[in-house]
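Structure, as structure tokens:
The values are calculated or read from the model by the stated rules, or taken from the named source; none is laboratory data. In this text, all values refer to a predicted model and were calculated from it rather than measured experimentally. Cβ atoms come from the backbone with ideal geometry, glycine included; neighbour counts cover every protein chain shown.
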Amino acid sequence: MLFYLARCAAQLIVALVGIVTVAFFLMRAIPGDPALYMLGDFATAEALATLRARLGLDLPVWQQYGVFLLRAAQGDMGVSVVTGQPALAEIWAAVPPSATLAVAGMAIAICFGVPLGIIAAVRQGSVVDLAVMLLALGGISFPVFWLGLVAILTLSHALGLFPALGATSEPGFWKGLHHLALPALVLGLSVAAYIARLTRSAMLEILGQDFIRVARAMGVPERRIVWHLAFRNALIPVLAVIGVTFAWSLGNAILVEAVFSRPGLGSTILKAILSRDYQLVQAGVLVLAAAVVLLNTALDLIYGAIDPRLRRT
Amino acid sequence: MAETSMAPGFGRRAWMGGAAALAFGAGFGVPVMAQGARTLRVRFGSDISVLDPARIFQIENQSIAGHIYNGLVQYDQRTNEIVPDLATGHEVSADGTVWTFRLRPNVTWHKNYGAFTSDDVKFSFERVLDPATGSLYRGQLAGLKEVQTPDPLTVRLVLEAPNSGFLHKLCAFNQGWIVSRRAVTELGERYTMNPIGTGPFMFDRWTTGNEVRLVANTAYFGGAPALTDIIFRVVRDETAAAIALENRELDVFFALQSPDVIERLRRANGVTLLDRPANNTANLVLNTTAGPLADVRVRRAMIHALNRKALIDGFFRGTKFEATSVLTSTFQEFSDEGVPRYPYDPDRARALLREAGVSNFRFEITTVGLNPFDRFPVPLANDLQQVGIQATVRVLERGAYVQARSSGNLQSCITAVVGPPDPDSPLVTLYHTRSHPPGLNTSRYNRADDLLAEAARAPDLAGRRAVYNRLLRQTMEDVPVIPLYADRLFIAHGPNVQGFVQNSLFTVNASPVSLRGA
């Protein structure tokens, strides 16, 4: 186990260095210049040169990369070229709202997706199955920003159930939850559609296998067959997709963040890319990549807990 | 310092709470004025980034700064007249080169940074002029030779040459905002997001990507504001912002641009929709050194070919004004008497092109990928195609666009100069040779320098207006820049807001606002 964790840590470091290196060079490869962005309409050649020197952009790219790696190894991701604040601190500030939305969205997705998938599989070919699959098709097909606007127009504006703004700085757990509900619902329902479809197909595959037929022949109660035999076996692919979609939610909730006016990692990184805020992009990519790698490691460990055949030594 | 607010962490119990909230959402109801009756909630379209006047840009940053800082003088929000602010009055020497300002006594800096004195004024202007600061606005104070401080309440500005329009440069906006020497020195890099001013509101906190909070400065020299605090909330989507305004989750909708949303709010109950002409036009800038565009007949053919009225009536559904030059009626110096007009006339355009001997002319409009600039050039290209110009549109993401434009190699581009009602703002920026690329004079026009210098030497407002009128006539005869439309600013507010004054600066200033029933 210790060896496994050490290997995971090594993989994490290699992956992070690789990803941040790619981000470093990609940002410098795309057209645009932070100094020009900041000076914009009033840029003069002299002002541009002064600002570039101050930002260290007058150095050759390989030298900039060396300085960046050296500082990053010491935990210093630099300061945002636009706001002058430490880049990592600015990114950390965007993590809690993103993580909250991703966790709440996934909770809703699992609560809806898994039971609906199981029901559809158990009642394959029935009206219930058809209805669940139609709903799932809708969830996958409708863009999340459209679902968001429809939710605001109906649940917020017409019915007055939830606020249109998906975040608040007002204190209070329930107040926070009230603002979170609508964005989490929209994000969750779009992910629930994937989970429902996958759960259904995984369950159908397991329910068609010999050991289920034998269990039925031996008179094992149907409830036990579904929950103890079939569902536990179907859980591995479902867990895999939950892991992948969670990472997706963390980084790509940007559309939900935009529609519901929530702060978050996605919108912070997008803003940084648009303003060519190199340090902020690098810090953001580092945090996102670390989250995804750690999540996948955690999932590997969970697989082992569920299926002894996959247990690590 | 960046802070963030978050909902508490989620455990199993919170999950159940979430499900309960979804199931019983009706039980919560939408909160109305939950933050106290004297908090004003204003919509911003995007987040803030820089609050240091030397480096400030973008309307959201300028709106926040407008509440925090003062200048020696300021624009009257309604009339754009220049009126006193931190200075109670001023005198100009007979030769027009020495400007002496008497400062308001007993003004203090926010957060115990001491008394405001003439030394702060000297520091502020010298800081903008110092190349090491990297200020965007160094050019604005270029004629300022020396700042003298004979006593703590007197400041003397010595100019290299007389400039009757110099007061514009000192107005409370960008380089005109006065900073505290002590605060800037002590806070260093952190000053960028920790501004200290003398204005009616103090900076309290910035929650990255979410909101900015200002609190009232009860010691403000103009009297304590009626509001206790202002929250500027980032709501990117205009439809969502409109619904939040109708739901009373917001009080003021700033940067309202979408014609659909404007129409929606015009009909909404309890919503007041304000609009006024802005200080800027949107322009098609033609590179006068690029092939056929060097011929003035081709440029005149193009302006005749563009159906700018249809653009305003159709694309913008009447939410913009027609522009006769790059100055708008909001400028005190504006006069369009005798300025040539170019009505939509495709036949005249074809004739001019024939006269210039131009055929198979490939023309590219480069524009930025931001709404509406990425879409309205399409009908313009269509208009040009109707007269035989093979026009295309190239849309670039903002960073790439700024870089491409600053290279100076574009055939044409879309440029809007948003700024104060100082005629130099659009005119120097678009026509002076010192603004040649990387500046915004991408037409490479070179016939305006003398007239701009003459306007600065003119003794008074009437004299300046006459010279600027000559400049407008000349530039509209030469057509290096085609003004497409004059911008129009829309702001909406809820029924509880009173005393709101909309300015023409493309910023929001809620200092005089009070809340009904509070």
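What the table below lists for this structure:
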{"item": "Test: B:Ala492 is hydrophobic (A, V, I, L, M, F, W, C), in contact with a Leu (Cβ under 9 Å, 6 or more places away or on another chain) and crowded, with 23+ Cβ neighbours inside 10 Å", "result": "yes"}
{"item": "Failed item, numbered, when B:Ala455 is tested on (1) facing chain A (nearest Cβ under 10 Å); (2) closer than 22 Å to B:Gln140 by Cβ; (3) touching a residue at least 24 places away in the same chain (Cβ under 8 Å)", "result": "(1)"}
{"item": "Qualifying position, being among the acidic types (Asp, Glu) and not in a helix (DSSP H, G or I), among B:Asp383, B:Asp422, B:Asp450", "result": "B:Asp422"}
{"item": "Given (1) facing chain B (nearest Cβ under 9 Å); (2) surrounded by fewer than 21 Cβ atoms within 10 Å (Cβ to Cβ); (3) touching a residue at least 40 places away in the same chain (Cβ under 8 Å), index of the condition A:Ile110 fails", "result": "(1)"}
{"item": "Spans of strands (runs of 3 or more DSSP E) in segment B:217-322 with at least 3 residues modelled with pLDDT under 95 and surrounded by fewer than 22 Cβ atoms within 10 Å (Cβ to Cβ)", "result": "B:272-286"}
{"item": "Identity of the residue in segment B:364-395, acidic (Asp, Glu) and within 21 Å of B:Thr288 (Cβ to Cβ), that ends up surrounded by the most Cβ atoms within 10 Å (Cβ to Cβ)", "result": "B:Asp383"}
{"item": "Odd one out for B:Gly369 among (1) modelled with pLDDT under 95; (2) closer than 21 Å to B:Ala486 by Cβ", "result": "(2)"}
{"item": "Filtered residues of segment A:107-125 (kept if of a type in the set (A, V, I, L, M, F, W, C) and closer than 20 Å to A:Ala247 by Cβ)", "result": "A:Ala107, A:Ile108, A:Ala109, A:Ile110, A:Cys111, A:Phe112, A:Val114"}
{"item": "Residue in segment B:100-111 that is more than 23 Å from B:Val83 (Cβ to Cβ) and either at pLDDT below 95 or more than 14 Å from every other protein chain (Cβ to nearest Cβ) (or both) present", "result": "yes"}
{"item": "Check on B:Tyr342, crowded, with 18+ Cβ neighbours inside 10 Å, touching a His at 6+ places or on another chain (Cβ under 7 Å) and either hydroxyl-bearing (Ser, Thr, Tyr) or not in a loop (DSSP other than H, G, I, E, B) (or both)", "result": "yes"}
{"item": "Failed criterion for B:Asp383 (all others in (1) at pLDDT below 95; (2) away from every other protein chain (no Cβ under 14 Å) hold)", "result": "(1)"}
{"item": "Residue within segment B:290-306 that is on the phi < 0 side of the Ramachandran plot, aliphatic (A, V, I, L, M), out of contact with any Ser or Thr (no Cβ under 9 Å at 6 or more places or on another chain) and within 13 Å of chain A (Cβ to nearest Cβ) present", "result": "no"}
{"item": "Given (1) on the phi > 0 side of the Ramachandran plot; (2) crowded, with 24+ Cβ neighbours inside 10 Å; (3) not acidic (Asp, Glu), number of the condition A:Ala184 does not satisfy", "result": "(1)"}
{"item": "Of residues in segment A:82-105 being crowded, with 24+ Cβ neighbours inside 10 Å and more than 7 Å from chain B (Cβ to nearest Cβ), the one nearest to A:Ala29 (Cα to Cα)", "result": "A:Ala87"}
{"item": "From B:Pro152, B:Pro162, B:Pro200, residue being surrounded by 21 or more Cβ atoms within 10 Å (Cβ to Cβ), within 23 Å of B:Asp85 (Cα to Cα) and not β-branched (Val, Ile, Thr)", "result": "B:Pro200"}
{"item": "Wholly enclosed strands (runs of 3 or more DSSP E) of segment B:74-114 bearing at least 1 residues hydroxyl-bearing (Ser, Thr, Tyr) and over 25 Å from the mean Cα position of the chain (by Cα)", "result": "B:87-92, B:98-103"}
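For (1) at pLDDT 85 or above; (2) charged (D, E, K, R); (3) crowded, with 18+ Cβ neighbours inside 10 Å, each residue gets a yes or a no:
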{"site": "A:Glu205", "(1), (2), (3)": "yes, yes, no"}
{"site": "A:Gly219", "(1), (2), (3)": "yes, no, no"}
{"site": "A:Arg223", "(1), (2), (3)": "yes, yes, no"}
{"site": "A:His228", "(1), (2), (3)": "no, no, no"}
{"site": "A:Leu235", "(1), (2), (3)": "no, no, yes"}
{"site": "A:Phe246", "(1), (2), (3)": "no, no, yes"}
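Yes/no per residue for (1) without any contact (Cβ under 8 Å) to a residue 24 or more places away in the chain; (2) acidic (Asp, Glu); (3) more than 30 Å from B:Asp130 (Cα to Cα):
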site	(1), (2), (3)
A:Ile13	yes, no, yes
A:Ala23	no, no, yes
A:Leu57	no, no, no
A:Trp62	yes, no, yes
A:Val67	yes, no, no
A:Leu70	yes, no, yes
A:Ala87	no, no, no
